[in-house]
Amino acid sequence: MTKKNYYITTPLYYVNDELHIGHATTTLYADTMARFKELDGFQVKFLTGSDEHGQKIFKAAQKAGLSPKAFADKIVGKFQEVWEALGIREHQFIRTTDAYHEKVVQSLFQRLKEKDLVYKAPYQALYCTDCEQAYSPSQLLDGSLCPIHKTQVIKLSEENYFFRLSAFEKILRSRLDDDTLAQTERAPGIEADPNAILPLSKRNEILGKVREGLENISISRTAFDWGVEMPGDSEHVLWVWFDALVNYISALVQTKVDPQAENLQDIDHLCQALDFQENWPVAHHFIGKDILWHHSVVWWSMLNGAGLTMPHRVYAHGWWTVEGEKMSKTLGNIIRPTAVAERYGQDQLRYFVLREGPVKEDANWQATRFHQRINNDLSKELGNLFSRITKMLWKYCDGAIPALPQETFADATLHTGIQELKTMAQELPEKLRKTMDVFAFPQALEELWKLVRTLNRFIDQTEPFKRAKVPEQRQELLAIMHALFQSLKVLSFALAPFLPNAALRMREELGLNDQQATNLDDACSWLVNFENIRIAEKSTQLFPRIEENK
Ligand code: MSP
């Protein structure tokens with residue numbers, strides 16, 4: 001059976017600085033989704049990378065006394081270290097300085113030019129180099145500060161090339177299924193989808209802005225040359241956002257790009273690449289809220305102008321604050337994900353971000369909350385549960401898995417308790433699919449934790465440790481141990497996308513191997529063949545408690 005495709009991307013991170021928890025969060029969400037979809041039988045492609053052109057990087061390199069490329073090479077190496085520390089398993093890493101990407105950018109630009117969607121005109125703007133974006137005077141703080149970085153904007157005045165963004169208003173409104181748009185005004189051939197941007201609150205914000213009308217945007221620069229050269233006018237480099245957005249396509253058409261070709265290659269020809277055909281219709285861009293405008297309005301218009309379809313979904317998450325404050329270098333409160341992972345563990349960091357992070361709304365990073373989550377959810381609820389059960393399996397069953405006795409027990413609590421565990425496991429795949437399809441990571445974890453808590457309750461209620469002392473209760477004890485093992489087995493597979501290390505250790509210590517569940521439904525069903533399974537004699541502590549109170 002051929003697998004269904006799923007394509008997930010993160011933004012390309014600027015190489016001007018080290019990555020912080022904000023960047024790590026976007027990437028962790030995407031990584032978890034990629035792992036989940038893989039478990040659910042999809043053929044997944046997960047793309048991330050680095051944004052290396054533009055004035056911001058040019059300046060940062062100058063400051064470091066390096067050429068922009070040498071500077072980028074240095075920082076990109078550090079990105080890889082961060083991904084490793086967080087257990088990120090991307091399938092492709094793209095750099096905007098990759099030669100194949102530059103060629104694709106030029107091909108796409110060429111198509112827009114052929115379609116008369118590009119023109120030259122004087123450009124004057126109030127520009128924030130940190131955002132690599134222009135602002136209108138009314139958007140500025142105190143008349144001259146960038147609303148995001150609170151730094152002075154610069155005045156740009158040069159002859160530029162513009163992209164006719166204003167031509168796409170009806171197309172974008174049609175795509176977003178704007179119900180104030182009359183049927184006759186809808187753009188033909190555009191698939192309407194109110195969920196094309198999620199969460200819906202963010203979709204509504206974008207739709208509101210598009211309804212106010214769109215202005216054409218400048219897409220070239222002449223003041224510096226660190227960028228993709230504009231075809232047909234080598235005085236200009238393309239605007240860094242125009243360049244970077246194209247990466248989501250470049251990565252899919254790489255095999256069709258001819259590195260030797262002197263002339264520009266046709267974008268339609270490039271898009272014949274199998275990777276593109278399979279993955280572009282299922283493209284999911286995972287980004288932060290600050291860059292949603294670029295990823296919807298600007299990117300979709302570029303694509304539509306070039307005759308390409310728009311991505312399936314864009315998901316924009318919120319931002320972290322730290323102990324109630326904006327995260328900034330000036331305040332010295334930047335959370336470095338590698339430091340957290342080194343100190344507390346990779347899964348501990350992953351869990352906190354997925355459970356408490358800004359997936360829908362902004363979220364606040366609080367050390368006390370972090371400690372609570374680790375100590376309560378991971379150490380107490382899951383970790384203790386695991387060691388409790390594995391110890392009992394050794395003590396009462398010599399590390400083997402007893403079969404579920406056939407007889408019905410007089411003890412109704414026992415009977416319903418076992419049934420409840422089995423049903424919860426069976427229902428888990430659908431619950432996880434439903435929550436993960438809308439990127440609801442906290443709710444997905446909550447579904448898993450319902451099973452964790454039910455198991456803890458089941459042990460307290462059925463008291464296997466007491467039954468172990470009564471020989472007549474042996475069958476009941478075996479039934480309990482069977483159900484506990486099966487439930488841990490389910491957790492050891494279903495937790496894997498979220499807590500890959502702990503899940504692997506659980507499987508190893510339970511004597512399981514990956515072949516025992518190759519998809520989500522198998523992962524969540526009770527094993528039929530368990531006779532040869534032996535669990536490890538010594539189980540390790542999955543999640544040590546954090547003792548400090550800082
Ligand atoms: N280079 C552009 C993206 C180009 S994509 C074609 C860019 N890069 S970035 O390095 O600034 O990283 C942006 C990502 O980090 C965004 O998803 C952004 O929302 C995220 N975060 C940056 N600070 C953040 C927080 N404080 N909290 C959560 N995420 C935040 O933009």
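The values are calculated or read from the model by the stated rules, or taken from the named source; none is laboratory data. Owing to the predicted nature of the structure, the values given are computational and were not obtained by experimental measurement. Neighbour counts are summed over all protein chains in view; Cβ atoms, including those assigned to glycine, are modelled from backbone coordinates with ideal geometry. Accessible surface is based on the protein model in full, side chains and every heavy atom, while ligands, DNA and RNA are left aside. Shrake-Rupley method; radii C 1.70, N 1.55, O 1.52, S 1.80 Å.
Tabulated results
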{"quantity": "Any hit, segment 300-323, residues being part of a helix (DSSP H, G or I) and within 11 Å of the ligand (Cβ to nearest atom)", "calculated": "no"}
{"quantity": "Tally of residues being open to solvent by 50 Å² or more (accessible area, probe 1.4 Å), more than 21 Å from Lys489 (Cα to Cα) and of a type in the set (Val, Ile, Thr) across segment 389-447", "calculated": "3"}
{"quantity": "Of all residues in segment 1-36 being away from the ligand (no atom under 11 Å from the Cβ) and modelled with pLDDT under 95, the one that is surrounded by the fewest Cβ atoms within 10 Å (Cβ to Cβ)", "calculated": "Met1"}
{"quantity": "Criterion (buried (at least 21 other Cβ atoms within 10 Å of the Cβ), more than 13 Å from the chain's Cα centre (by Cα), farther than 27 Å from Tyr344 by Cα and not charged (D, E, K, R)) met by exactly one of Gly65, Gly54", "calculated": "Gly54"}
{"quantity": "Long-range neighbours under 8 Å by Cβ, at least six apart or interchain, first residue closer than 19 Å to Thr10 by Cα and among the hydrophobic types (A, V, I, L, M, F, W, C) within segment 42-59, second within 15 Å of the ligand (Cβ to nearest atom) and not in a strand (DSSP E or B)", "calculated": "Phe46/Ala30; Phe46/Asp31; Phe46/Glu90; Leu47/Glu90; Leu47/Asn247; Leu47/Tyr248; Leu47/Ala251"}
{"quantity": "Qualifying residue in segment 270-278 (condition: away from the ligand (no atom under 16 Å from the Cβ), charged (D, E, K, R) and closer than 26 Å to Asp233 by Cα)", "calculated": "no"}
{"quantity": "Pick from segment 317-374, criterion in contact with a strand residue (DSSP E or B) (Cβ under 8 Å, 6 or more places away or on another chain) and free of Cβ contacts under 8 Å to residues at least 24 places away in the same chain, ranking: surrounded by the most Cβ atoms within 10 Å (Cβ to Cβ)", "calculated": "Asn333"}
{"quantity": "Any pair with Cβ under 8 angstrom, 6 or more apart, that starts in segment 201-222 at a residue that is at positive phi and ends at one that is open to solvent by 10 Å² or more (accessible area, probe 1.4 Å)", "calculated": "Gly213/Ser166; Gly213/Glu169"}
{"quantity": "Filtered residue count, segment 107-117, keeping only those that are surrounded by 21 or more Cβ atoms within 10 Å (Cβ to Cβ) and more than 16 Å from the ligand (Cβ to nearest atom)", "calculated": "3"}
{"quantity": "All positions within segment 203-219 that are crowded, with 20+ Cβ neighbours inside 10 Å and of a type in the set (D, E, K, R)", "calculated": "Arg203"}
{"quantity": "Helices (runs of 4 or more DSSP H) lying entirely in segment 149-249 (those with 1 or more residues that are within 16 Å of the ligand (Cβ to nearest atom) and of a type in the set (Asp, Glu))", "calculated": "200-211, 240-245"}
{"quantity": "Residue list for segment 512-550, restricted to those being closer than 24 Å to Gln346 by Cβ, in a loop (DSSP other than H, G, I, E, B) and open to solvent by 30 Å² or more (accessible area, probe 1.4 Å)", "calculated": "Asn513, Ala536, Lys538, Ser539, Thr540, Gln541, Pro544, Arg545, Glu547, Glu548, Asn549, Lys550"}
{"quantity": "Cβ pairs under 8 Å, 6+ apart, first in segment 120-142 and within 16 Å of the ligand (Cβ to nearest atom), second assigned to a loop (DSSP other than H, G, I, E, B) and aliphatic (A, V, I, L, M)", "calculated": "Tyr127/Val153; Cys128/Ile148; Cys128/Val153; Asp130/Ile148; Cys131/Ile148; Tyr135/Val153"}
